[in-house]
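The values are calculated or read from the model by the stated rules, or taken from the named source; none is laboratory data. Since this is a predicted model, take the numbers as computed values, not measurements. Cβ sites come from the backbone with ideal geometry, for glycine too, and all protein chains shown count toward neighbours. Each accessible area value is taken on the protein alone, full model and side chains, heavy atoms only, with ligands, DNA and RNA left out. Shrake-Rupley method; radii C 1.70, N 1.55, O 1.52, S 1.80 Å.
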Amino acid sequence: MLLLAPRRSEHVACAGRRALVRAAGEVAFAEGPEGLRAVEISNQSTGYCPDPDSWDSVALALDRAGLAHDGGFDHVVVFRRCPRCAQLNVVREDDHVCAPCGAELPRHWNPPADEADESRAFSGRRRPPS
C-alpha cells in the first residue's frame, strides 16, 4: 500500500504508527506525457531508517498505484545505530564510524535501539535477528 502525506509531515504519523513498514522516505511527482510520474525518490526517514534494500517495496507500491518511476532511489541514505553509544548515524562515503564516539558501525542495517524504537522499526529483508 502506498501512503502519501505532505512534505513536512512525519513518516511515522503517515503510516498510522504501524510497526511493520517496508519502506519510508520522500517522493516528488511531476506530470509528463505518460501521466503522473515519481521523479525523485529517497529512503530519507529518520522515523523508520529504512535500508536501501527497501527499494523493491517502493517499486511495487508505485507500480500498483500506476505511477511511473526510474527504478531506484535518486537519493540513498544509509542509517546505522552505534552499538557502543546507541546514537543514530548517517553513513557517508562508506565511512562506518560513529560520529559521537568513534566506534565502528555495523555494515548491515540495525537501527532500533530500544523497545520504543522497535515499535516503529523498518521491517525489510535485512532486519537483524532478534
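Observations on the model:
- Segment 104-121 - residue that is modelled with pLDDT of 50 or more and outside any loop (DSSP other than H, G, I, E, B) and, of those, nearest to the chain's Cα centre (by Cα): Asp117
- Some residue of segment 45-55 being surrounded by 14 or more Cβ atoms within 10 Å (Cβ to Cβ), over 22 Å from Val91 (Cα atoms) and of a type outside the set (Asp, Glu): no
- Close Cβ contacts (under 8 Å, 6 or more residues apart or on different chains) running from residues in segment 95-110 that are free of Cβ contacts under 8 Å to residues at least 12 places away in the same chain to residues that are aliphatic (A, V, I, L, M) and surrounded by 12 or more Cβ atoms within 10 Å (Cβ to Cβ) comprise Val97/Ala103; Val97/Leu105; Glu104/Val97.
- Yes/no for Val27 being outside any loop (DSSP other than H, G, I, E, B), touching a residue at least 60 places away in the same chain (Cβ under 8 Å) and among the aliphatic types (A, V, I, L, M): no
- Residue tally, condition among the hydrophobic types (A, V, I, L, M, F, W, C) and under 17 Å from Pro6 (Cα atoms), over segment 37-59: 3
- Flag for Cys101 being surrounded by fewer than 17 Cβ atoms within 10 Å (Cβ to Cβ) and either of a type in the set (S, T, N, Q) or modelled with pLDDT of 95 or more (or both): yes
- Candidates in segment 82-94 are the residues that are over 13 Å from the mean Cα position of the chain (by Cα) and within 24 Å of Ile41 (Cβ to Cβ); of these, the one that is most open to solvent (accessible area, probe 1.4 Å) is Glu93.
- Subset of segment 7-21 that is out of contact with any Lys or Arg (no Cβ under 9 Å at 6 or more places or on another chain) and in a loop (DSSP other than H, G, I, E, B) - its residue that is modelled with the lowest pLDDT: Leu20
- Contact map, segment 49-74: first residue in a helix (DSSP H, G or I), second residue β-branched (Val, Ile, Thr) and open to solvent by 60 Å² or more (accessible area, probe 1.4 Å), Cβ cut-off under 7 Å, separation 6 or more or different chains; pairs are Pro52/Val76.
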